[in-house]
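> Structure incoming, see below.
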Amino acid sequence: MDSLCGKVISFFGIVQCIYVLFSSSTKIWKVLLDHIPSLTVKGLSNTRWESRIKSVKAIRDQAPQLRLALSEVGKICTDAKSKTDAKNMFDALGSFEFILGMVIWHDILFVVNTVSKNLQSATMCVDSTLQQIEGIMNFFENYRNVGFASSLKIAKAIASEMGIEPSFPVKRSVTRKKQFDEPDHDEEVILAEKAFEVNYSLVMVDVAKVSLKNIFDELKVFKNIFGFLLNSKDLKLLDDIELRKSCAKFVETFSRGDVELDDIFSELRLLQMTLPECDVPMRAMEIFQFVRDIDCFPNILIAYQILFTVPVTVASAERSFSKLKLLKNYLRSSMSQERLTGLATLCIEKDKLDEINVDAIIDDFASRSVIRNKKISSS
């Protein structure tokens with residue numbers, strides 16, 4: 001996404017430079033905390049889009065205070081690099097183009113992050129996610145038509161609060177006598193605003209729509225294969241012909257001999273009559289638990305196990321490798337594979353780790369050690 005527009009690259013470069021500057025020393029970080037009311041600046045992450053919305057939100061909601069902090073950093077810093085970086089970031093935050101880009105990016109990233117978190121949720125439902133993505137694509141279509149005007153209005157309010165003139169840079173023209181057919185300065189300003197809208201806002205919106213469209217198409221393929229297993233309502237509405245077609249498509253795609261077509265078809269026909277009537281349709285996990293408790297639908301059980309092991313996204317896997325990079329760096333290059341695996345498992349299964357009473361384990365280990373030492377000394 002960033003490579004499509006030079007302004008986008010420079011925007012996130014400025015966001016990262018602001019974080020690097022304030023985190024470079026405790027003295028400078030103290031200046032930041034003295035000026036901002038709540039959110040601290042955040043660094044960017046290559047694998048987590050949530051970090052980007054947090055980075056932009058911290059600047060968007062506190063731009064005036066952040067600019068004052070940069071001004072003070074430029075005054076108290078003694079080294080030339082920090083002083084120069086503070087001045088450059090102060091000038092960047094004083095650019096109306098940056099402020100407008102910040103507002104647009106916040107709106108787009110907020111929507112994209114909502115979809116991303118839903119896709120990574122353990123309780124993610126394909127049907128509801130498809131509806132959400134479809135609604136967000138409509139939002140982007142509307143944003144492409146009227147969103148720039150609303151973002152421009154918000155950016156002007158922020159610029160006015162910061163004492164910045166809400167105008168786009170216009171190329172300096174040679175002073176000479178104006179001809180009757182030449183555009184005036186106001187028209188040049190309008191052209192500059194239109195160029196920013198086309199080259200920045202519309203590019204970002206179109207790329208976001210394409211990304212969501214790709215996810216939408218992939219989920220449609222996923223639903224086309226597993227749709228009959230996703231909820232009890234859709235399963236019960238299938239007649240014998242449609243049910244057999246769905247089973248045949250599933251067996252052809254995934255089972256590889258683990259599931260017999262005739263067997264799973266017969267089991268699903270029986271399951272259609274066995275599933276309880278509910279006001280709210282049973283979801284895939286609830287149907288799986290129901291089938292597992294009955295323990296007489298082996299092929300359906302395998303089908304649901306395949307459904308739950310097919311990853312919708314690779315975010316969890318990427319996050320695990322990112323965690324390994326943090327654990328084993330050049331300072332821990334001699335760490336054994338066994339210890340690295342154990343630490344990685346603790347990080348990945350953090351939710352289960354939080355449920356464990358570590359103090360009780362330590363006390364039990366200590367008491368066992370004392371008893372073992374007493375036995376050794378007495379012998």
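> When you check Met282 against the structure, is it of a type outside the set (S, T, N, Q) and in contact with a Ser or Thr (Cβ under 7 Å, 6 or more places away or on another chain), yes or no?
Details: of a type outside the set (S, T, N, Q): yes; in contact with a Ser or Thr (Cβ under 7 Å, 6 or more places away or on another chain): yes.
Yes, satisfied.
> May I ask you to list pairs of residues, at least six apart or on different chains, whose Cβ atoms are under 6 Å apart, with the first in the range 295-323 being under 22 Å from Thr341 (Cα atoms) and the second being part of a helix (DSSP H, G or I) and modelled with pLDDT under 85?
Close Cβ pairs satisfying both conditions: Ala315/Gln120; Ser320/Ile348; Lys323/Cys347.
> Which helices (runs of 4 or more DSSP H) sit wholly inside the range 1-114 and have at least 1 residues that are farther than 26 Å from Phe139 by Cα, of a type in the set (S, T, N, Q) and at pLDDT 85 or above?
Numbers: elements: 6-22, 26-35, 49-60, 63-76, 80-93.
Hits in the range 1-114: 6-22, 26-35, 63-76, 80-93.
> Residues Ile133, Ile104: which one is closer than 30 Å to Arg283 by Cβ and of a type in the set (Val, Ile, Thr)? Even if it seems obvious, please write down each step before you answer.
Numbers: Ile104 fails: closer than 30 Å to Arg283 by Cβ.
Every option except Ile133 fails the conditions.
> Right, next: Which residues, taken from the range 330-361, are acidic (Asp, Glu), under 30 Å from the mean Cα position of the chain (by Cα) and over 24 Å from Ser121 (Cα atoms)?
The first filter runs over the range 330-361 and keeps only residues acidic (Asp, Glu), leaving 338, 349, 351, 354-355, 359.
Next, from what is left, pick out any that are under 30 Å from the mean Cα position of the chain (by Cα): 349, 351, 354-355.
Within the range 330-361, none qualify.
> Could you list all residues from the range 258-282 that are farther than 12 Å from Ala303 by Cα and in a loop (DSSP other than H, G, I, E, B)?
The first filter runs over the range 258-282 and keeps only residues farther than 12 Å from Ala303 by Cα, leaving 262, 266, 269-282.
Within the range 258-282, Leu275, Pro276, Glu277, Cys278, Asp279, Val280, Pro281, Met282 qualify.
> What residue, among those in the range 74-93 that are under 31 Å from the mean Cα position of the chain (by Cα) and of a type in the set (D, E, K, R), is surrounded by the most Cβ atoms within 10 Å (Cβ to Cβ)?
This residue is Asp85.
> Please identify the pairs in which a residue from the range 261-276 that is of a type in the set (Phe, Trp, Tyr) has its Cβ atom under 7 Å from the Cβ atom of a residue that is part of a helix (DSSP H, G or I), counting only partners at least 6 apart or on another chain.
Going by the 7 Å Cβ cut-off, the qualifying pairs are Phe265/Leu243; Phe265/Arg244; Phe265/Cys247.
> If Thr345 passes every condition in (1) surrounded by 12 or more Cβ atoms within 10 Å (Cβ to Cβ); (2) at pLDDT below 75; (3) assigned to a helix (DSSP H, G or I) but one, which one does it miss?
(2)
> Assuming Leu243 fulfils every condition listed in (1) part of a helix (DSSP H, G or I); (2) touching a residue at least 40 places away in the same chain (Cβ under 8 Å) apart from one, which condition is it?
Single failed check for Leu243: (2).
The values are calculated or read from the model by the stated rules, or taken from the named source; none is laboratory data. Please read all numbers here as calculations on a predicted model, not as lab measurements. In this analysis, Cβ positions are derived from the backbone assuming ideal geometry, glycine residues included, and neighbour counts consider all displayed protein chains.
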